[in-house]
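Quick one: the structure is below, questions incoming.
The values are calculated or read from the model by the stated rules, or taken from the named source; none is laboratory data. Here the structure is a predicted model, which is why all the values come from computation and not from measurement. FYI the Cβ positions are ideal-geometry reconstructions off the backbone, even for glycines, and counts take in every protein chain you see. Areas reflect the complete protein model, heavy atoms only, side chains present, ligands, DNA and RNA absent. Shrake-Rupley method; radii C 1.70, N 1.55, O 1.52, S 1.80 Å.
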Amino acid sequence: MDPNSKKVTKEDKKDYAIETLCVQAGYSPASGEPRILPIYQSTTYKYDSTDDVGALFDLTKEGHMYSRISNPTVAAVEAKIAALEGGTGALCCSSGMSAVLISVLNITSAGQNILASQSIYGGSVNLLGVTLSRFGIETRFFSQDMTDDEILSMADENTRLIFGETLSNPNLDVFDIERFASLAHGIGVPLIVDNTFPTPVNCRPFEFGADIVVHSTTKYMDGHAAVLGGAIVDGGVFDWSCGRYPELTEPDESYHGIAYVSAFGNSMAYIVKARVQLMRDFGAIMQATSAFLLNLGLETLCLRVERHCANALKVASFLEQHEKVEKVSAPALPSDPRHALAEKYMPKGTCGVISFTVKGGREGAVRFMDSLKLASIVVHVADARTCVLNPAGTTHRQLTDEQLAAANIPAGLVRLSVGIENADDIIADLSAALEKV
Ligand SMILES: *Cc1c(COP(=O)(O)O)cnc(C)c1O
C-alpha cells in the first residue's frame, strides 16, 4: 500500500468517537469506488470457480452468497451499528420485532424459559409472553422494583437469558443494566438489552455488562419514519462454552456439523449462528434499499439525538410548570424519581420521548390533541417530527377508565415524541392547545 495513502483502515476506526463513527464507520471505498455506500440491489453473487463458492458455504472465507444471508449494503450498515455499540458483529433484520425474536430464539428452545422486565414495549410483551408461549417458550415477567432474591427465585435450570429495555417504551423506566448483568451472570445466562430509545449515542449497554444488544432501527436510528428495521449486536464477551448452550458448542446438523464456538470463538459464535441458521431459516432480512436509507439516518444520529434531548428537556420543563398539566414523566427532569439512574446510564441525555397527563381526563386529552397544529397525531415515536398519541384513545381504547387506572395509564395521558424543530415553536403549539383544555 502507498505509505502516503490516507485510507482509513477498519482498525483505525475503532478509536474514533461516536460522532465520527456515525458518519464514517462501515464503508471505506477503495480508490475510484463510489464515495457513498452503493445500494447493491442483487439477490445473488457471481464466482470464478466452484471452489470459491464452496469456501463461502463452509464459512472458511468471507463473502456473499445469497442476500437472505448477507448483502454488501446491509453488511456496511451492520458494521457501522456494531462499531457504534462497541460490539464484535451485528445482524440487521426486517424490523425491531424480528430482531427481538431472533435474539431470543438463537439460544432458547421449547421447554425453556426466559426472564423479562414487565416494563418492556407492548409488542415485545405480546411476542415473548403470548406468541412464544404457543411454541413452548415461557416468559416470566419481573418488576424492576422487585428485590434480587425475588427475581432470582423466578429462574431455574431451564432459564436461558434475562431481557430488558435501557429506557422502556413508553413508560421510560430506566433499566439498571449493571444490576441485571450481575444477576444474569450469577446464574450463568446472558443479558439482552433493547437499546432502542437511548441509542448508542446516549448509552452503550456493553460498557455496563450487557451481552447482546437489540434495536428497533425504525426509531431514532433511521429517525425520519421512512424504514422499518432492526438490529442485533453481539458484545462478544459472554462465555458460551460454560456447558449450558449446546446449540453454540455442539455440531449444528442443519449447517453440515459446524460448532459455532470452536469455529468462531465466543466473540462471534452467537451472531454467526443467528445469521447462518436463523436468518437463513426465517428470512426476516433488511433489504438493501432500507439499509441505504438507514445509513443516511445514522450519519446524522448524533446531531439529531442531541437536539431531541435538548428540546424534550425544554418541553418537559415547560409542561411541568403548566396549570393544565397534572404530571410530567421524563427521567431527564431532576424531579423524576428515575433521574439518578438515568444520570448514571445516560449522562448526555435520555431521548426525545416524554409523557404527561392533561387535566380533564380523556376529554381533556382529546381536546388538547385535536387543537395541536404543529405536532401531529401518529402511531409512531422517535422521528424528526414532533408527534403525540393518547393511549386511552388509541392503543388502549377498549379499556374503561377504571381498567386504564389499574394499568397505570391515566385517561388523560399523552405520549409526546419531541422532534428536532425549534423548541419555542413546539412549546407555542403545546401552549395554544393547552389553552383549549
Ligand atoms: C418499536 C419498538 C420495537 C419494535 O420495533 P419495530 O421496528 O416496530 O418492529 C421493539 N422495541 C422497542 C423498545 C421499540 O420501541
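Just report the Cα centroid separation between region 57-97 and region 377-405, whole Å.
Taking the Cα centre of region 377-405 as reference, the centre of region 57-97 is 34 Å away.
Moving on to the next point. Could you calculate the contour length gain from Asp58 to Glu320, that is, 0.36 nm times the residue separation minus the distance between their Cα atoms, to one decimal place in nm?
88.4 nm
If you take every DSSP beta bridge whose two residues both sit in the chain, what share of them, in percent to the nearest 5, is antiparallel? Please report the intermediate quantities before stating the final value.
Values: 25 of 42 bridges.
Here the antiparallel bridges make up roughly 60 percent for the chain.
Calculated from DSSP H runs of 4 or more alone, at -39500 (n - 2.57) each and per residue, what is the 222 nm mean residue ellipticity of the chain, nearest 500?
Value at 222 nm, helices only, nearest 500: -10000 deg cm²/dmol.
Take the Cα of Glu253, step 7 Å along the line toward its Cβ, and report every residue of region 82-109 whose backbone nitrogen sits under 18 Å from that point.
109
If you don't mind, another one. Over all alpha-carbon pairs of region 57-141, lay out the pair-distance distribution in 10 Å bins, whole %, shortest bin first.
15, 37, 30, 18, 1
Go through region 125-232 and name the chymotrypsin sites (Phe, Trp or Tyr not before Pro) that are in a DSSP coil and have 11 or fewer other Cβ atoms within 10 Å of their Cβ.
none
Further, regarding this structure: Roughly how far apart, in whole Å, are the Cα centres of region 137-177 and region 187-211?
13
Output the Cα-based Rg and Dmax of the chain in Å, rounding Rg to one decimal and Dmax to a whole number.
In order Rg, Dmax, the Cα atoms of the chain give 22.6, 74 Å.
How much FRET efficiency would the formula 1/(1 + (r/R0)^6) give for Glu363 and Asn126, where r is the Cβ-Cβ distance and R0 is 22 Å, rounded to 0.05?
E between Glu363 and Asn126, to the nearest 0.05, is 0.15.
Give, in whole angstrom and from largest to smallest, the semi-axes √(5λ) of the equivalent ellipsoid of region 356-396, with λ running over the eigenvalues of the Cα gyration tensor.
18, 12, 8
Here's something else I'd like to know. At a 1.4 Å probe, what is the % contribution of carbon and sulfur to the accessible area of the chain?
It is 53 percent, rounded to a whole number.
Could you tell me which of the pairs Lys273/Lys344; Lys348/Lys436; Lys327/Lys373; Lys80/Lys373; Lys46/Lys219; Lys344/Lys436 are separated by over 28 angstrom between their Cα atoms in the structure shown?
Those over the limit are Lys273/Lys344; Lys348/Lys436; Lys80/Lys373; Lys46/Lys219; Lys344/Lys436.
Could I ask something else about it? Amide H of Asp194 versus every other amide H placed in the peptide plane: which residues, excluding those fewer than 5 positions away on the same chain, fall under 5 Å?
Distant-sequence amide H within range of Asp194: Gly164, Glu165, Thr166, Val214.
Subtract the Cα-Cα distance of Ser182 and His339 from 0.36 nm times their separation in residues, and report this length gain in nm to one decimal.
54.3 nm
Binned at 5 Å from 0, what are the whole-percent values of the Cα-Cα distance distribution for region 365-419, short to long?
5, 21, 28, 21, 15, 7, 2
In percent, what relative contact order does the chain have, based on Cα pairs under 8 Å that are 6 or more apart in sequence? Please list the in-between numbers first.
On the way: 829 pairs, mean separation 64.8, N = 437.
15 percent.
Within region 47-129, report the trypsin sites (Lys or Arg not before Pro) that DSSP leaves as loop and that have at most 10 other Cβ atoms within 10 Å. Don't jump to the answer; show the numbers that get you there.
Values: sites: Lys61, Arg68, Lys80; in loops: Lys61, Arg68.
Answer in residue order: no site qualifies.
Which loop-located GluC sites (Glu not before Pro) does region 297-344 contain, where loop means any DSSP state but H, G, I, E or B and the Cβ has at most 12 other Cβ atoms within 10 Å?
When the GluC sites (Glu not before Pro) of region 297-344 are filtered for loop state and at most 12 Cβ neighbours within 10 Å, Glu323 remain.
Which whole-number value in Å² is the accessible area per residue of region 247-324, probe 1.4 Å?
For region 247-324, the solvent-accessible area averages 43 Å² per residue.
Which whole-angstrom value gives the distance between the alpha carbon centres of region 249-289 and region 228-244?
The distance from the Cα centre of region 249-289 to that of region 228-244 comes to 11 Å.
Further question: Above 23 Å lies some portion of the pair distances; for region 106-254, what is it as a whole percent of all C-alpha pairs?
When all Cα pairs of region 106-254 are counted, 35 percent exceed 23 Å.
OK, next. Between Glu207 and Asn171, what length comes free when the chain is fully extended (0.36 nm per residue of separation minus the Cα-Cα distance, one decimal in nm)?
Length gained between Glu207 and Asn171: 10.6 nm.
Another question about this same structure. What are the radius of gyration and Dmax of region 185-301, computed over its Cα atoms and given in Å?
15.8, 44
Does region 313-437 come out rounded, prolate or oblate by the C-alpha gyration tensor, with a ≥ b ≥ c the root eigenvalues, rounded set by a/c under 1.5 and, if not, prolate when a/b is larger than b/c and oblate if not?
Oblate, since a/c reaches 1.5 and b/c is not below a/b.
Follow-up question, since we're still on this one. Amide H neighbours of Ala116 under 5 Å, at least 5 residues apart or on other chains, H built in the peptide plane: list them.
Excluding prolines and chain starts, which carry no amide H, the hits are Arg140, Phe141, Phe142, Phe163.
Shifting gears a bit: Could I have the simple spin-label model distance between Val379 and Thr300, label points 7 Å from Cα toward Cβ, reported in nm to one decimal?
Modelled inter-label distance: 2.7 nm.
Kindly write out, for region 21-33 in residue order, the coupling ³J(HN,Hα) from the Karplus curve 6.51 cos²θ - 1.76 cosθ + 1.60 (θ = phi - 60°), rounded to whole Hz, with x marking Gly and Pro.
My calculation for region 21-33 gives 4, 4, 7, 9, 5, x, 9, 10, x, 7, 3, x, 8 Hz in order.
A further question follows. For region 249-339, calculate the relative contact order in percent as a whole number, restricting contacts to Cα pairs under 8 Å that are 6 or more residues apart.
Relative contact order comes out at 11 percent.
Moving on. If R0 is 25 Å, what FRET efficiency do you get for Phe135 and Ala405 from their C-beta distance, rounded to 0.05?
0.15
Collect residues whose amide H, placed 1.01 Å from N in the peptide plane, falls under 5 Å from the amide H of Thr159; neighbours closer than 5 in sequence don't count.
Result for Thr159 returns Asn113.
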